[in-house]
Amino acid sequence: MTTESQLDLAGEAIDESLAASARAGDDAAFEQLFLRHRARIARLAGRFLNRPDKVEEIVQEVFAKTYFALADYSARSNASFAAWLSRIAVNACYDEMRRARRRPESSLNDFTDEEVAWLSQQLRAEAGAADIESAVISRDLADKLLAQLKADDRLVLTLLDGEGLPVADIAALTGWTVSKVKVRAHRARSALRRVLGQFA
Amino acid sequence: MGRALIRASALGDAEAEEAANAPFLYARIRARIEAERRADERASGWFATLAVARRAVPALALVAIAAAGSCWAIRPDSQEGPPPAGALIEARLAQGEPIAVVSACSIATKEECLVSTDDVLALLVNEGEQETER
């Protein structure tokens, strides 16, 4: 067994022990779980939401839900505490993306001429942005473009292309079947091509 | 381009971790937990009783109105209702038919069994006068 897998197993054992204590009402154990996993959950949330205040809200929501869901968590029926927590986080991000779709803050008409020109250039040249200023512009523009997609499409593309997760892991995180993940991924890429096609 | 967009739209790891290390974040989580716990307790307490009563009162009012309506529809002074008990008894007496004693009558019906004190008194006076005339 490699050192990394040994460390993973040790970490899982600590999580299980803390989860059991927190379930029994030990608030200090719950705080330890929060401290152990907050950064990872924030990074995961940051894949879907590009505003620090939104990421902070998601972290709050995830750990509050986790507190009340601890009674349903069982080490026997779940892969690991970390995987179970990640699933809660993905669902929270998915719900936030759906809420954001219902109150759209941007539409295709909100793209500035500069953004359209930049995008057209990128699509033609297929070159990435190199400096920080371009990266910031790219992040906002990328977010506007991805906001045109349905929440399901954005979720699966983010997990596939953003996190680089295999289909099986995405199925475990979302509760979808492997087939559904594949179908959604195909549809999501088609939808993104249609969105980008308006600027090419 | 799609992959580049996905990665470009994401918050950097450093920024995300900074959000996770926000001051008082855990305190805010605890406050949220306590607020949800209080909301659950209220929901299972007397607020729940009030909520049920709020729905039950209109339903009970409808039942009361329906019951009152039925009582009104079968009230004894209705022109289509049965004749007064006294008139029925006199008719039976005139024909020499026996009248069921009160103990054998059904008090749930408004038939000739149900007689008032005035009816009985009137009958007795009536009988007395008839005997006197004979």
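The values are calculated or read from the model by the stated rules, or taken from the named source; none is laboratory data. These figures come from a predicted structure and were not determined experimentally. A quick note on method: Cβ atoms are made from the backbone with ideal geometry, for glycine too, and the neighbour counts reach across all protein chains shown. The accessibility values were calculated without ligands, DNA or RNA, using every heavy atom of the protein model including side chains. Shrake-Rupley method; radii C 1.70, N 1.55, O 1.52, S 1.80 Å.
What ranking, highest mean first, results for peptides A:93-99, A:37-43 when packing means the other Cβ atoms within 10 Å averaged over each residue?
Packing order, densest peptide first, comes out as A:37-43, A:93-99.
Under a point spin-label approximation (7 Å from Cα along Cα-to-Cβ), what is the A:ALA10-A:ARG23 distance to one decimal in nm?
Calculated label separation equals 2.5 nm.
Roughly speaking, what is the stretch gain from A:ARG102 to A:ARG40, that is 0.36 nm per residue apart minus the C-alpha to C-alpha distance, in nm to one decimal?
Values: separation 62, 0.36 × 62 = 22.32 nm, distance 2.78 nm.
Computed gain between A:ARG102 and A:ARG40 is 19.5 nm.
List the residues of segment B:18-49 whose accessible area drops by at least 20 Å² when all protein chains are present, compared with their chain alone, using a 1.4 Å probe and counting only protein heavy atoms.
B:ALA19, B:ALA20, B:ASN21, B:LEU25, B:TYR26, B:ARG28, B:ILE29, B:ARG30, B:ARG32, B:ILE33, B:GLU36, B:ARG37
If I model a spin label as a point 7 Å beyond the Cα along the Cα-Cβ vector, how far apart are those points for B:GLU18 and B:ILE65 in nm?
With each label placed 7 Å out from Cα toward Cβ, I get 6.4 nm.
Counting other Cβ atoms within 10 Å, keep those with at most 10, restrict to DSSP loop, and tell me which chymotrypsin sites (Phe, Trp or Tyr not before Pro) in segment B:14-54 are left.
Of the chymotrypsin sites (Phe, Trp or Tyr not before Pro), the ones in loops of segment B:14-54 whose Cβ has at most 10 other Cβ atoms within 10 Å are B:PHE24.
Near the amide H of A:LEU49, under 5 Å away, which other amide H atoms are found, from residues 5 or more places off or on another chain, if H is placed in the peptide plane?
Long-range HN contacts for A:LEU49: B:LEU11.
Counting only Cα, what are the radius of gyration and maximum Cα-Cα distance Dmax of chain A, in Å?
For chain A, the Cα radius of gyration and maximum Cα-Cα distance read 19.3, 59 Å.
What accessible area, summed over both chains, is buried at the A-B interface (1.4 Å probe, Å², nearest 100)? List each step's numbers first, then the result.
Working: alone 11950 and 11620 Å², together 20450 Å².
Summed over both sides, the interface buries about 3100 Å².
Keeping every protein chain in place, order A:LYS54, A:LYS182 by accessible area at 1.4 Å, biggest value first, i.e. largest first.
Ranked from most to least accessible, the order is A:LYS182, A:LYS54.
What is the calculated FRET efficiency for A:ALA117 to A:LYS150, with r their C-beta to C-beta distance and R₀ = 22 Å, to the nearest 0.05?
Computed FRET efficiency for A:ALA117 and A:LYS150: 0.20.
Let me confirm one metric for peptide A:37-45, namely the mean number of other chain beta-carbon atoms within 10 Å of its residues' beta-carbons. Numbers along the way, then the final one.
Details: counts 1, 8, 7, 3, 2, 11, 10, 1, 5.
Mean number of neighbouring Cβ atoms from other chains: 5.
Within 10 Å of each Cβ in A:48-61, how many Cβ atoms from other chains are there, averaged over the peptide?
Per residue, the number of nearby Cβ atoms from other chains is 5 on average.
Rank these residues by their accessible area, most exposed first, probe 1.4 Å: B:LEU124, A:LEU35.
The ordering from most to least exposed comes out as B:LEU124, A:LEU35.
Return the carbon/sulfur percentage of the accessible area of chain A, one whole number, probe 1.4 Å, all protein chains in place.
C and S atoms contribute 50 percent here.
My understanding is that a pair violates if its Cα-Cα distance is over 24 Å; which of A:LYS150/A:LYS180; A:LYS150/A:LYS182; A:LYS65/A:LYS182 do that in this structure?
The pairs that break the limit, which is 24 Å between Cα atoms, are A:LYS65/A:LYS182.
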